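Scroll down for the structure; my scribbles are underneath it.
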Amino acid sequence: MSAEFRLPVGGRIDRAKPVRFTFDGKSYEGFAGDTLASALIANGVHLVGRSFKYHRPRGILTAGSEEPNALVGVGRDEAHYTPNLRATQVEITDGMVAESQNRWPSLAFDVGAVNDGLGRFLPAGFYYKTFMWPAGAWAKFYEPVIRRAAGLGRAPQAADTDRYTQRYAHCEVLVVGAGPAGLAAALAASETGVRVILCDEQAEFGGSLLHERDTVIDGRDAEAWVAEAVATLCSRENVRLLTRTTAFGYYPHNLVGLAERVTDHLAAPGSDLPRERLWQVRAREVVIAAGSIERPLVFPENDRPGVMMAEAARIYANRFGAKPGNRAVVFTASDSAYRAALDLKAAGVEIAAIADLRPDPTGAVVERARADGIRVLPGTSVQGTSGRLRIRSASLGAVVGGATETVPCDLLLMSGGFTPTLSLFSQSRGKMAWDEALEAYVPSVSVERERSVGACRGIYGLAEVLADGHAAGVAAAGKGASDGAARRFTVDAEELGHSGHRGITPHRRDASRVKAFVDFQNDVTAKDVKLATQEGFRSIEHVKRYTTTGMATDQGRTSNINALAIVSDALGKSVPEVGLTTFRPPYTPTTFALFAGQARGELFDPVRTTPIHDWAAEHGAVFEDVGIWKRARYFPEGGEDMHEAVARECRAVRESVGIFDGSTLGKIEVVGRDAAEFMNRMYTNAWAKLEPGRLRYGVMLREDGFVMDDGVVGRMAPDRFHVTTTTGGAPRVLNHMEDYLQTEWPDLEVWLTSTTEQWAVIAVQGPKARQVLEPLVEGIDLSREAMPHMSVRTGHICGVPTRLFRVSFTGELGFEVNVPANYGRAVWDAIFAAGQPHGITPYGTETMHVLRAEKGYIIVGQETDGTNTPDDVGLGWAVGKAKRDFVGKRSLARPQMQRPDRKQMVGLLTSDPATVLEEGAQIVADPNAPLPMKALGHVTSSYASSVVGRSIAIGMVAGGRGRIGETLHVPMPGGAIAVDVVEPVFFDKEGERIHG
Amino acid sequence: MQKFSGLSLFAKAFSSHKGWEPQWRSPEPKAAYDVVIVGAGGHGLATAYYLAKEHGITNVAVIEKGWLGGGNTGRNTTIIRSNYLFEESAALYDHAVKLWEGLSRDLNYNVMYSPRGVLMLAHNVHDVQSFKRHVHANRIAGVDNEWLSAEECKAFCPPLNIAPGMRYPVLGGALQRRGGTARHDAVAWGYARAASARGVDIIQNCEVTAIRRGPDGAVQGVETSRGFIGAPKIGVVAAGNTSVVMAMAGVRMPLESYPLQALVSEPIKPVFPCVVMSNTIHAYISQSDKGELVIGAGTDAYTSYTQRGGLHIATHTLDAICELFPQFRRMRMLRNWGGIVDVTPDRSPILAKTPVAGLYVNCGWGTGGFKATPGSGNVFAHTIARDEPHPINAPFTIERFRDGVLIDEAAAAAVAH
Ligand SMILES: Cc1cc2nc3c(=O)[nH]c(=O)nc-3n(C[C@H](O)[C@H](O)[C@H](O)COP(=O)(O)OP(=O)(O)OC[C@H]3O[C@@H](n4cnc5c(N)ncnc54)[C@H](O)[C@@H]3O)c2cc1C
């Protein structure tokens, strides 16, 4: 019943819990605790994918997140489909559906494999040298073909429905990696009572200890020691343990991003659980215990299914009870592969031979292998392999001369030694150094408050690793006395020598004809790397980019050092002289939606609404987005479209009264002894003489003299101004003010407070406005004489305190009722009710735009675009000529700002009153001029005005005021439209209504 | 220069590609050159190439502190378009697009210019107004740019979400069909190879540490980590480091340097046919020939030289990508990096003579200079060779900030990739 290659006993799988899954449509059984890779191996499946370029059959190479070959698509339906997952990390669940990628029509027979035969014509960078003829053919013809051939998996076809969440956490010590070093560090740090977070990308803590057989730590076997360590950590309240959690990015100031996979390993996750959780951890100290990765050997045909890292094979046998083959050849430059050979032999794998690159391997484990009857061939390398969908044999030959021997096998285990995992350290901007003795890059100078421990800094002996972790844990906690830091662990484990090999292994084949892979996934061979150096690519970054070595989804985890060695060889430079490519986040690929978290749909960006919003929604308003605000654009009645609704709303305001929600306007309270002086400096206008109780329209410039914002300002008291800004400009204006206040004029005694959210603003506009408000107001005389245009009074309305503005952005008699936001809705309701006898009409932003355009009032951001002076937009009168200084004054004095041919605001009337110009359309003198035409300006605002009875438009036109009376042209795709240039006021030119 | 072609590739295959020569020389620096270019990014290399090709000035060195193409040229998301608002900009960027069209053959290097269309999305009324203004302005400037409805956007880019209930619904978009992408490394390498073949020395791993000026104030050459190199004309093309290099000659630049980020997904089969940009919610996306989704993020709020940006910036962009393209939610980020961009107050570049005799500067491309590479190099070479600007770059002076004659592309687009 059980899978053919499942060992009868052993491993950390739960044999009581069988799990069924499918791979490429075929059903298999594994056990709880299996990864997809271990379950497939237990079923004798090694062919799992096709390579990127040559579509070569590929098997499972590793047992970890560094896997370059075994990439699969997993998902029961399209909404849950994820491409490019590493089978070595996917935990199987009942009913899981997995498929291989990058093959057509099937994994065993893939048409794309013709590329393999054409390999000699497709060396590194071939695409830079060809596909250039005929002109334009690249994008039309070649590129689509290349694109189809490239890519690995396929995108999901449907939107993911899972949830993702985010958490922020702080701790004294974050430990990344829970192998022996990380566990020891977490134990030591947490013992002091400081907050510790320990994370590991695997499903279980323990790292390499989970596949040790005869190792004893402090008298307990390795697995028991791990269990006890984890139990101890669990029992401490100051510890947070995160399995299946990858530290993917190391950001400035010890911010580390963790990706926790919460439900992928569950067959039927509860709906309350997110699929993944993003942790943003700010740690005082970080301990990196990320371990090391076994390095492949680069030999001819080293990529066939069945070629596997020696340590990975050991993991499959010891930890998963899965036998990776029946007959193995081992190819090594390091002792560790002997230990693997011995473990596999014990698991029933026949070890045909160990080919050791070293001329004279010695040491306990070597002797043990010999004693166990394993054939050890010193000074021998693999010359090549055979087998199409699975390795069938390896040919072995002495490094120096002699015959080769073909050894049948279904498994080839290789080990080129170990490479410390430096990704996170490098991301932290720590400096790496080449260690001659270890022949590896190791962490040298930390930049953050960080320390690396154990294998990731080249320490391998288990006792040393544990002691290293412990010491770092104590130091990171910062509590222990330095003498207490050392702790000895008694360890009984195999002692291994540490050596290795980098770059291509010696062989006697024609190097120009064989494929010896450096980067498995991207199909980069040793030849490709050498070709790059031959073509003058000398920086390792250039070689990487030209050959694409190290740019696959494993980011060169298994290939970087081999590529580096080949380059250093080819250039005759030492490895450190060649340098190392930069490690970039994330450590392993990280889900897009994890970053988005809850920021999705409605929550994508907060929605800002006014106190009147619900009323508007109930009354059928159509809203528009203005920044993050929702503003009512118009209130259609009975099937009206926007134009009909706006025409009706406009007429109501001009003929009777309208009500408008102005609450989104930015509001800033400017208070203090020097408030008037501050206003004088920030705005072009003069403020000193503005009396309390009066309003003034203010214009604010940037330092370069261009209009930045505008708004009506009320002087509430000698030392207090109620400033309003545009809706979108509020934060910008406050920042601008604060910037000047804090950096330029710290001597001024002024305080700025944003009050946008504190005031609801209800504009009541139209000839009947006073009649509507009068009965509701207490303590304010609204009469024309007592409260003229541009004045402000405080008092009560409907019993609520108010700052009542008499102001108009419509050209009609108008008031803006400011009341505390919480009363906004109640006051609005009361005004609306009081207005009923007058047919009070709610209007939206669109009507507001039309009404102000009829009067020629500008909207900053519509008439202006950051290149206009006040004079350009007809606001020269608002610039206090006599003022000593204000922001932008000096810039306004520049000759360019005075030129008569600057773009100036004018009105535009089409000869056909029904023609409404398109906003943004260009204005030219001669519509028949050839392209490129010289534009004189453009249309900034354009509407059909029901009140004026025709279309009206505003434009910015070069020398515009001097062109009043001229006819210009607006070229459109269907022909030019003639326009008369006029004064930009279309209604009540004398401006009398406002004083009504 | 060895000719690259399908035929030569085929022929070399039979000698196991032993016949390929280095694509550029790696000479020792000479004591002096007629022109020294500081910075071997795309713009610097292109400048050198056109100096040699169009002005016969071949005694040129391009000096690079790292490896050629390793700055923003090799870090950008390669969006190419020319539908800028102002005539001056449209002329400059369109000059580049015209050169892109023939660049592979001019350089004999496949730079993979792929005009598959750049679609800029409008999400609110203000966007619509602004993009329509662009469309109209571009039309009479002779630059292609067209307005698409939301449905037309969806037809052009099937993965796009145009559901009306989105937080920021797609109201339409401006499409430039000649816009697209190119392979950034190939641009640097192609120019390097072609310039080198014409005699230009490219000196890598050589940092300029000072600019020497004579008693008359004119430049005399540069001090470098490999010694003094004389030159009567120096062109500074150092992108994010321009302020630092120009300060060596005592010139203060109106620039701020910010980290700008990009990221790619794991490679997938073709699914994304064009380039989509959304300035309003900060997302820029295309799919590379290798299959990776190439995504541009925003700049940090603070100036910095660190070549990496904050996590929250990349996060914010992925929010937007997931909203606009919900089918990519389960895709995974493979690599994330940053570059330092040099930003001017009006978001338009500076391509000009400077107050120092013999010193020229090409900078301020900010978040969007890759697209301009050929055009910029072309007119900057003219400026250096003739000691006066080409009509196309004449408006792009340093003095415009003093005088207030801005070419304010910032007004229209918060970030102009
Ligand atoms: C993430 C990102 C995304 C982008 N996306 C796009 C996009 O989609 N479309 C687009 O058009 N543009 C984009 N850009 C902008 C674009 O990359 C740049 O504008 C353009 O590449 C600049 O080219 P360059 O040659 O001027 O600069 P670089 O390529 O940066 O070259 C400048 C060179 O000067 C060298 N240098 C500096 N100081 C010295 C010194 N003292 N001595 C010697 N050498 C020195 C540097 O090492 C560098 O190689 C993006 C930029 C970034 C960072």
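The values are calculated or read from the model by the stated rules, or taken from the named source; none is laboratory data. What you see is a predicted model; the values in this text were computed from it and never measured. Note: ideal-geometry Cβ built from the backbone for every residue, glycine included; neighbour counts use all protein chains shown.
Restricting the range A:758-783 to residues that are within 27 Å of A:Thr609 (Cα to Cα) and among the polar types (S, T, N, Q), which is surrounded by the fewest Cβ atoms within 10 Å (Cβ to Cβ)? Give the derivation first.
Restricting attention to the range A:758-783, the residues satisfying the condition of being within 27 Å of A:Thr609 (Cα to Cα) are A:758-766, A:769, A:772-773, A:776-777.
Next, from what is left, pick out any that are among the polar types (S, T, N, Q): A:758, A:765.
Working: A:Gln758: 14, A:Gln765: 27.
It comes out as A:Gln758.
Please work out which one of (1) outside any helix (DSSP H, G or I); (2) crowded, with 18+ Cβ neighbours inside 10 Å; (3) over 29 Å from the mean Cα position of the chain (by Cα) is the condition A:Lys573 fails and give its number.
Every listed condition holds for A:Lys573 apart from (2).
Right, A:Ala184: away from chain B (no Cβ under 14 Å), in a helix (DSSP H, G or I) and hydrophobic (A, V, I, L, M, F, W, C) or not? Walk me through it before giving the result.
On the way: away from chain B (no Cβ under 14 Å): yes; in a helix (DSSP H, G or I): yes; hydrophobic (A, V, I, L, M, F, W, C): yes.
Taking the combined requirement at face value, the residue satisfies it.
Here's the yes/no breakdown for (1) crowded, with 24+ Cβ neighbours inside 10 Å; (2) away from the ligand (no atom under 16 Å from the Cβ):
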site: B:Pro29; (1), (2): no, no
site: B:Ile37; (1), (2): yes, no
site: B:Ala48; (1), (2): yes, no
site: B:Asn59; (1), (2): no, yes
site: B:Lys65; (1), (2): no, no
site: B:Gly74; (1), (2): no, no
site: B:Glu88; (1), (2): no, yes
site: B:Leu103; (1), (2): yes, no
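Conditions (1) modelled with pLDDT of 95 or more; (2) assigned by the TED database to the domain that holds B:Ile285, marked per residue:
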residue: B:Ala314; (1), (2): no, yes
residue: B:Phe325; (1), (2): yes, yes
residue: B:Leu334; (1), (2): yes, yes
residue: B:Pro355; (1), (2): yes, no
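Could you tell me which numbered condition A:Glu854 fails, if it satisfies all but one of (1) outside the structural domain of A:Pro767 (by TED's automatic domain parsing); (2) surrounded by fewer than 20 Cβ atoms within 10 Å (Cβ to Cβ); (3) assigned to a helix (DSSP H, G or I); (4) acidic (Asp, Glu)?
It is condition (2) that A:Glu854 fails.
Pick from B:Tyr109, B:Tyr113: which is closer than 27 Å to A:Ala526 by Cα, facing chain A (nearest Cβ under 8 Å) and under 24 Å from the mean Cα position of the chain (by Cα)?
When all the criteria are applied, what remains is B:Tyr109.
Residue under question is B:Ala52, and the condition is that it be more than 14 Å from the ligand (Cβ to nearest atom), over 24 Å from the mean Cα position of the chain (by Cα) and aliphatic (A, V, I, L, M); does it hold? It would help to see each step written out before you state the result.
Working: more than 14 Å from the ligand (Cβ to nearest atom): yes; over 24 Å from the mean Cα position of the chain (by Cα): no; aliphatic (A, V, I, L, M): yes.
Against the criterion (more than 14 Å from the ligand (Cβ to nearest atom), over 24 Å from the mean Cα position of the chain (by Cα) and aliphatic (A, V, I, L, M)), B:Ala52 does not qualify.
How many residues are more than 16 Å from the ligand (Cβ to nearest atom) and either outside the structural domain of B:Cys153 (by the TED database) or not small (Gly, Ala, Ser) (or both) if we restrict to the range B:275-293?
Residues of the range B:275-293 more than 16 Å from the ligand (Cβ to nearest atom): B:280-281, B:290-291.
Filter once more, so that each one left must be either outside the structural domain of B:Cys153 (by the TED database) or not small (Gly, Ala, Ser) (or both): B:280-281, B:290.
Result for the range B:275-293: 3.
Could you check how many residues of the range A:600-628 are out of contact with any Ser or Thr (no Cβ under 8 Å at 6 or more places or on another chain) and within 14 Å of another protein chain (Cβ to nearest Cβ)?
Of the residues in that region, 13 qualify.
When you look at A:Gly991, is it crowded, with 21+ Cβ neighbours inside 10 Å and in contact with a Gly (Cβ under 8 Å, 6 or more places away or on another chain), yes or no? Give the derivation first.
Numbers: crowded, with 21+ Cβ neighbours inside 10 Å: no; in contact with a Gly (Cβ under 8 Å, 6 or more places away or on another chain): yes.
For A:Gly991, the condition - crowded, with 21+ Cβ neighbours inside 10 Å and in contact with a Gly (Cβ under 8 Å, 6 or more places away or on another chain) - is not met.
Taking the conditions exactly as written (in contact (Cβ under 8 Å) with a residue 12 or more places away in the chain and in contact with a helix residue (DSSP H, G or I) (Cβ under 7 Å, 6 or more places away or on another chain)), does A:Asp34 satisfy them or not?
Details: in contact (Cβ under 8 Å) with a residue 12 or more places away in the chain: yes; in contact with a helix residue (DSSP H, G or I) (Cβ under 7 Å, 6 or more places away or on another chain): yes.
Yes; evaluated as a whole, the condition is true for this residue.
Any residue in the range A:151-159 that is assigned to a helix (DSSP H, G or I) and within 9 Å of another protein chain (Cβ to nearest Cβ)? Walk me through how you get there before you give the answer.
Pass one, the range A:151-159, residues assigned to a helix (DSSP H, G or I): none.
No, the range A:151-159 has no match at all.
How many of the residues making up the range A:211-240 are among the acidic types (Asp, Glu) and part of a strand (DSSP E or B)? Spell out how you get there, then give the answer.
Taking the range A:211-240 as the starting set, the residues that turn out to be among the acidic types (Asp, Glu) are A:212, A:214, A:218, A:221, A:223, A:228, A:237.
Narrowing further to those that are part of a strand (DSSP E or B): A:221.
Total meeting the criteria: 1.
Would you say A:Ala511 is within 14 Å of another protein chain (Cβ to nearest Cβ), touching a residue at least 12 places away in the same chain (Cβ under 8 Å) and closer than 30 Å to B:Pro27 by Cα? Write out each step before concluding.
On the way: within 14 Å of another protein chain (Cβ to nearest Cβ): yes; touching a residue at least 12 places away in the same chain (Cβ under 8 Å): yes; closer than 30 Å to B:Pro27 by Cα: yes.
Yes; evaluated as a whole, the condition is true for this residue.
Of all the residues that make up the range A:40-91, how many are over 20 Å from A:Ser386 (Cα atoms), within 13 Å of chain B (Cβ to nearest Cβ) and hydroxyl-bearing (Ser, Thr, Tyr)?
Count: 3.
Can you tell me which of (1) touching a residue at least 60 places away in the same chain (Cβ under 8 Å); (2) crowded, with 20+ Cβ neighbours inside 10 Å; (3) more than 11 Å from the ligand (Cβ to nearest atom) is the one B:Ala357 doesn't meet?
(2)
Among B:Gly250, B:Gly296, which is the only one that is at pLDDT 95 or above and either more than 10 Å from the ligand (Cβ to nearest atom) or not assigned by the TED database to the domain that holds B:Arg308 (or both)?
Numbers: B:Gly296 fails: either more than 10 Å from the ligand (Cβ to nearest atom) or not assigned by the TED database to the domain that holds B:Arg308 (or both).
None of the others qualify; the one that does is B:Gly250.
Is it fair to say B:Gly377 is farther than 25 Å from A:Leu892 by Cα and within 12 Å of the ligand (Cβ to nearest atom)? Let's see the steps before the verdict.
On the way: farther than 25 Å from A:Leu892 by Cα: yes; within 12 Å of the ligand (Cβ to nearest atom): yes.
Yes: the conditions hold for B:Gly377.
Which of the residues spanning the range A:115-149 are small (Gly, Ala, Ser) and surrounded by fewer than 20 Cβ atoms within 10 Å (Cβ to Cβ)?
Narrowing the range A:115-149 to residues small (Gly, Ala, Ser): A:117, A:119, A:124-125, A:135-137, A:139, A:149.
Across the range A:115-149, the qualifying residues are A:Gly117, A:Gly119, A:Ala135, A:Gly136, A:Ala137, A:Ala139, A:Ala149.
Could you run through the range A:716-735 and say how many residues are out of contact with any strand residue (DSSP E or B) (no Cβ under 6 Å at 6 or more places or on another chain) and either surrounded by 20 or more Cβ atoms within 10 Å (Cβ to Cβ) or part of a strand (DSSP E or B) (or both)?
Looking only at that region, the number is 1.
Kindly indicate whether B:Asp94 is closer than 30 Å to A:Leu917 by Cα, modelled with pLDDT under 95 and surrounded by 19 or more Cβ atoms within 10 Å (Cβ to Cβ). Spell out how you get there, then give the answer.
Working: closer than 30 Å to A:Leu917 by Cα: yes; modelled with pLDDT under 95: no; surrounded by 19 or more Cβ atoms within 10 Å (Cβ to Cβ): yes.
So B:Asp94 fails the test.
What pairs come up if the first residue lies in the range A:741-757 and is over 30 Å from A:Thr610 (Cβ atoms), the second is of a type in the set (Phe, Trp, Tyr), and their beta carbons are under 8 Å apart, counting only those six or more places apart or on different chains?
A:Trp745/A:Phe678; A:Leu748/A:Phe678
I'm told A:Phe832 meets every condition in (1) aromatic (Phe, Trp, Tyr); (2) loosely packed, with under 15 Cβ neighbours inside 10 Å; (3) over 26 Å from A:Asp710 (Cα atoms) except one. Can you identify the failing condition by its number?
(2)
Might you check whether a residue that is farther than 27 Å from B:Val125 by Cα, within 13 Å of another protein chain (Cβ to nearest Cβ) and hydroxyl-bearing (Ser, Thr, Tyr) occurs anywhere in the range A:859-875?
Looking only at the range A:859-875, we keep the residues that are farther than 27 Å from B:Val125 by Cα, and these are none.
No, that holds for no residue.
Return yes when B:Gly172 is more than 14 Å from the ligand (Cβ to nearest atom), in the same structural domain as B:Val245 (by the TED database) and of a type outside the set (A, V, I, L, M) and no when it is not. Steps first, answer last, please.
Working: more than 14 Å from the ligand (Cβ to nearest atom): yes; in the same structural domain as B:Val245 (by the TED database): no; of a type outside the set (A, V, I, L, M): yes.
Considered against the rule, which asks whether it is more than 14 Å from the ligand (Cβ to nearest atom), in the same structural domain as B:Val245 (by the TED database) and of a type outside the set (A, V, I, L, M), B:Gly172 comes out as no.
If I go through the range B:1-50 residue by residue, how many of them are within 9 Å of chain A (Cβ to nearest Cβ), closer than 28 Å to A:Arg509 by Cβ and out of contact with any Asp or Glu (no Cβ under 7 Å at 6 or more places or on another chain)?
Residues that pass the stated criteria total 11.
Hey, which of the helices (runs of 4 or more DSSP H) in the range A:606-684, taking only ones fully inside, have at least 1 residues that are among the polar types (S, T, N, Q)?
Those helices (runs of 4 or more DSSP H) span A:675-682.
For the range A:521-569, what are the residues that are more than 12 Å from chain B (Cβ to nearest Cβ) and hydrophobic (A, V, I, L, M, F, W, C)?
Residues satisfying the conditions are A:Val524, A:Ala526, A:Val529, A:Ile561, A:Ala563, A:Leu564, A:Ala565, A:Ile566, A:Val567.
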